[in-house]
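Input: a single structure, listed below in structure tokens.
The values are calculated or read from the model by the stated rules, or taken from the named source; none is laboratory data. This structure is a prediction, so every number in the text was calculated from the model and none was measured. Please note: Cβ atoms are built from the backbone with ideal geometry, for glycine as well, and neighbour counts cover all protein chains shown. Calculation scope for accessible area: heavy atoms of the full protein, side chains included, ligands and nucleic acids excluded. Shrake-Rupley method; radii C 1.70, N 1.55, O 1.52, S 1.80 Å.
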Amino acid sequence: MPGIPLWLSEEEGFTFIEVITALALMGILLVVIWGVSSNTIGSLARLTSRIMTNVEQVRLDAVLRDEIGRVETPYWTESPKIEETKNGLHIYYLDGNPKKYVGLSFNKQALAVSADGVAHLFRGIAAAAISEHRAAASHGDYVSVVVRFDDGEQMKLEVPFGGFPFPVIQ
């Protein structure tokens, strides 16, 4: 009937304008939900990466303490026998077996710590600097390992021979 508003008419259903308005509101809501979920997924990926870096730091610290900490300097020598290699160091146990040593090497974004036929590989390392430091007394000798992980985190470990070091994390 002419002159009667649509909302008072007895016809059922939605008008074209109502359908378009509902679709536009649903689209806006979906865009907001999509943005929130993608931010959440990105944050989760960054958090997972950070946790994995921390796990590698703890594992590296434990392996270095265990392997280098076992190298005791015998009373008949002033300091451990250390041999520089192309990519790192060999630290000999000096227990009479010339093939028994702790090896530290960095190659192709991986740090390897090997001893007694077991190799521990640490990936995700952008750079590493391995050096030895000798003191006047045999009790002051240590190995310094500075690593920079792919996410930019840097870690410095000073590992004394025959002892348990406390890492200096920077």
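Residue by residue, here is whether (1) open to solvent by less than 60 Å² (accessible area, probe 1.4 Å); (2) hydroxyl-bearing (Ser, Thr, Tyr); (3) assigned to a strand (DSSP E or B) holds:
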{"site": "83", "(1), (2), (3)": "no, no, yes"}
{"site": "86", "(1), (2), (3)": "no, no, no"}
{"site": "90", "(1), (2), (3)": "yes, no, yes"}
{"site": "105", "(1), (2), (3)": "yes, yes, yes"}
{"site": "114", "(1), (2), (3)": "yes, yes, yes"}
{"site": "120", "(1), (2), (3)": "yes, no, yes"}
{"site": "126", "(1), (2), (3)": "yes, no, yes"}
{"site": "130", "(1), (2), (3)": "yes, no, yes"}
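Any residue at all in segment 6-19 that is surrounded by 10 or more Cβ atoms within 10 Å (Cβ to Cβ), under 30 Å from residue 153 (Cβ atoms) and either at pLDDT 90 or above or not β-branched (Val, Ile, Thr) (or both)? Break it down into steps so the answer makes sense when it comes.
Restricting attention to segment 6-19, the residues satisfying the condition of being surrounded by 10 or more Cβ atoms within 10 Å (Cβ to Cβ) are 14-15, 18-19.
Among the residues that remain, those that are also under 30 Å from residue 153 (Cβ atoms) are: none.
No: zero hits.
Which pairs do you get when a residue that is within 16 Å of residue 57 (Cβ to Cβ), found in segment 98-113, comes within reach of a residue that is part of a loop (DSSP other than H, G, I, E, B) and among the hydroxyl-bearing types (Ser, Thr, Tyr), reach meaning Cβ atoms under 8 angstrom, with the pair 6+ apart or on two chains?
none
Could you look through segment 61-89, keep only residues that are modelled with pLDDT of 80 or more and basic (Lys, Arg), and pick out the one that is farthest from residue 159 (Cα to Cα)?
If we take residues in segment 61-89 being modelled with pLDDT of 80 or more and basic (Lys, Arg), then 86 is farthest from residue 159 (Cα to Cα).
Would segment 51-73 turn up any residue that is farther than 23 Å from residue 111 by Cβ and open to solvent by 60 Å² or more (accessible area, probe 1.4 Å)?
Going through segment 51-73, the residues farther than 23 Å from residue 111 by Cβ turn out to be 72-73.
Narrowing further to those that are open to solvent by 60 Å² or more (accessible area, probe 1.4 Å): 72.
Checking segment 51-73: at least one residue is farther than 23 Å from residue 111 by Cβ and open to solvent by 60 Å² or more (accessible area, probe 1.4 Å).
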